[in-house]
Structures are given as structure tokens and as C-alpha cells.
Amino acid sequence: MPAKKMTSNRTHRGHGPLLPENKQGHSALRRGRTSIPHHVYLVTTATVQRRPFFLNFQAGCAAARCFEDKAILDDTKMVAWVLMPDHAHWLVQPGDRYTLTEIVNRLKSASARHANRVMEREGALWQKAFHDRALRAEEDLRQIARYIVTNPVRAGLVYQVQEYPFWNAMWL
């Protein structure tokens, strides 16, 4: 009787099974992603090649306006946000109309369009992928928002968050 061909259960650096080649990288981040309306998510997205586009003050202003734009957000609540030179953090609560992925795509698309216009450039501004974490009900939103908006202080860009122009939280 011929031996059965065994399938490999190899792991990649001990972090779970290898994914098919077409499921590695950015697409692997999307695997299993769900979006629950009215649930709060912490989202982080980075610029292409972590280029510090938003050291350009006018580009930062153009992008930041999008994070507060009701036409872009629709029924999504922007709880808090900070725009760093090469990435952004958003604390968002989707409404009923758009999934988290759709919201992130709307924010990235609009902010890239406006910032690129100011910088007189074309092309991708944000990386395709983003990281998200659903917050548990018992987590303190204000504490997480404080952590987000103090990112420029921890990065050494300013001494006090009030000195940094690109942030907001719904309680202010």
C-alpha cells in the first residue's frame, strides 16, 4: 500500500501556519477583519515608505481637515486623532453606513488627494494596509485618546501636546 502524502504544517518563525503566497503581506492583515457598527476602533496607518510627508505644514493641514470633514465621515464618529509626519492614528466609531475598511479608505483617499495637491505631487501617499484594534467595552476611551494625542510628545516633536497642530479629541 502506498504511503499517504503528508501535508506540511510548517510555521513561519513560530508564528502560525504559512499562508499561501497570495495571502501574505498586506492581504494577510485583512484576513478575518470584521467591522461592528457603533464599536470603537483604534486605527494606525503609515505613509508610503514611512516618508514624512506631513513635515510639510500645508500638507498636514490639508490632510487634517479631512479627519474632521462630515462629508467624509458621514455617520462615523471621529473620537480622537493625531497626524504624525509619517503616520496617523484614528480612534473611530463606525455608524451604520460604512465598514471600518470603507471608512479608512475614505479618510486615506481624501487626505491623500488634498495633501498631494498642496505638495504638487501625484501617487500613493498612504500604505495600502492599516492596523486596527477593536476596543473592549471596559477600556477607558479618554485614556486611549490621551495616549493617541500625546504621540508627538513621546516622539520628541514637542514638549506639550498643545504645541502640536495636528490632533483633536471629541472632548475638547
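The values are calculated or read from the model by the stated rules, or taken from the named source; none is laboratory data. Note that the structure is predicted; figures quoted are calculated from it, not measured. So basically every Cβ, Gly included, is an ideal-geometry build from the backbone, and we count neighbours across all protein chains shown.
Let me spell it out: the conditions are (1) closer than 14 Å to residue 82 by Cα; (2) part of a loop (DSSP other than H, G, I, E, B), and residue 168 meets all of them except one. Which number is the exception?
Residue 168 satisfies all of (1) closer than 14 Å to residue 82 by Cα; (2) part of a loop (DSSP other than H, G, I, E, B) except (2).
Go through the residues of segment 93-100 one by one and say whether even a single one is under 23 Å from residue 51 (Cβ atoms) and modelled with pLDDT of 95 or more. Please lay out each step first, then the result.
Here is the first cut: in segment 93-100, the residues under 23 Å from residue 51 (Cβ atoms) are none.
Among the residues of segment 93-100, not one is under 23 Å from residue 51 (Cβ atoms) and modelled with pLDDT of 95 or more, which makes the answer no.
May I ask you to list the residues in segment 51-76 that are over 19 Å from residue 164 (Cβ atoms) and either among the aliphatic types (A, V, I, L, M) or not in a loop (DSSP other than H, G, I, E, B) (or both)? Full working, then the answer.
Residues of segment 51-76 that are over 19 Å from residue 164 (Cβ atoms), as a first pass: 51, 69-76.
Residues satisfying the conditions are 70, 71, 72, 73.
Could you tell me which residue of segment 33-62 is farthest from the chain's Cα centre (by Cα), considering only residues that are among the small types (Gly, Ala, Ser) and surrounded by fewer than 19 Cβ atoms within 10 Å (Cβ to Cβ)? Break it down stepwise before answering.
Step one: of segment 33-62, the residues among the small types (Gly, Ala, Ser) are 35, 46, 59-60, 62.
After this cut, where a residue has to be surrounded by fewer than 19 Cβ atoms within 10 Å (Cβ to Cβ) as well, the list is 35, 46.
Values: 35: 14, 46: 7 Å.
If we take residues in segment 33-62 being among the small types (Gly, Ala, Ser) and surrounded by fewer than 19 Cβ atoms within 10 Å (Cβ to Cβ), then 35 is farthest from the chain's Cα centre (by Cα).
Restricting attention to segment 135-168, report how many residues are more than 19 Å from residue 46 (Cβ to Cβ), among the small types (Gly, Ala, Ser) and at pLDDT 95 or above.
1
Please enumerate the residues belonging to segment 67-82 that are without any contact (Cβ under 8 Å) to a residue 60 or more places away in the chain and closer than 23 Å to residue 57 by Cβ. Steps first, please.
Let us first name the residues in segment 67-82 that are without any contact (Cβ under 8 Å) to a residue 60 or more places away in the chain, namely 69-76.
Hits for segment 67-82 are 69, 72.
Tell me, which residue of segment 92-147 that is assigned to a loop (DSSP other than H, G, I, E, B), among the aliphatic types (A, V, I, L, M) and under 21 Å from residue 38 (Cβ atoms) is farthest from the chain's Cα centre (by Cα)?
To start, the set of residues in segment 92-147 that are assigned to a loop (DSSP other than H, G, I, E, B) comprises 94-99, 120-125, 127-130, 135-140.
Remaining after also requiring among the aliphatic types (A, V, I, L, M): 124-125, 129, 135, 137.
This time we only want the ones that are under 21 Å from residue 38 (Cβ atoms), so: 135, 137.
Values: 135: 14, 137: 20 Å.
So the residue we want is 137.
Where residues in segment 105-134 are aliphatic (A, V, I, L, M) and in contact with a helix residue (DSSP H, G or I) (Cβ under 7 Å, 6 or more places away or on another chain), which of them is surrounded by the fewest Cβ atoms within 10 Å (Cβ to Cβ)?
Looking only at segment 105-134, we keep the residues that are aliphatic (A, V, I, L, M), and these are 107, 110, 112, 115, 118-119, 124-125, 129, 134.
Cutting the leftovers down to in contact with a helix residue (DSSP H, G or I) (Cβ under 7 Å, 6 or more places away or on another chain) gives us 107, 110, 115, 118-119, 124-125, 129.
Numbers: 107: 26, 110: 19, 115: 26, 118: 16, 119: 15, 124: 12, 125: 22, 129: 15.
If we take residues in segment 105-134 being aliphatic (A, V, I, L, M) and in contact with a helix residue (DSSP H, G or I) (Cβ under 7 Å, 6 or more places away or on another chain), then 124 is surrounded by the fewest Cβ atoms within 10 Å (Cβ to Cβ).
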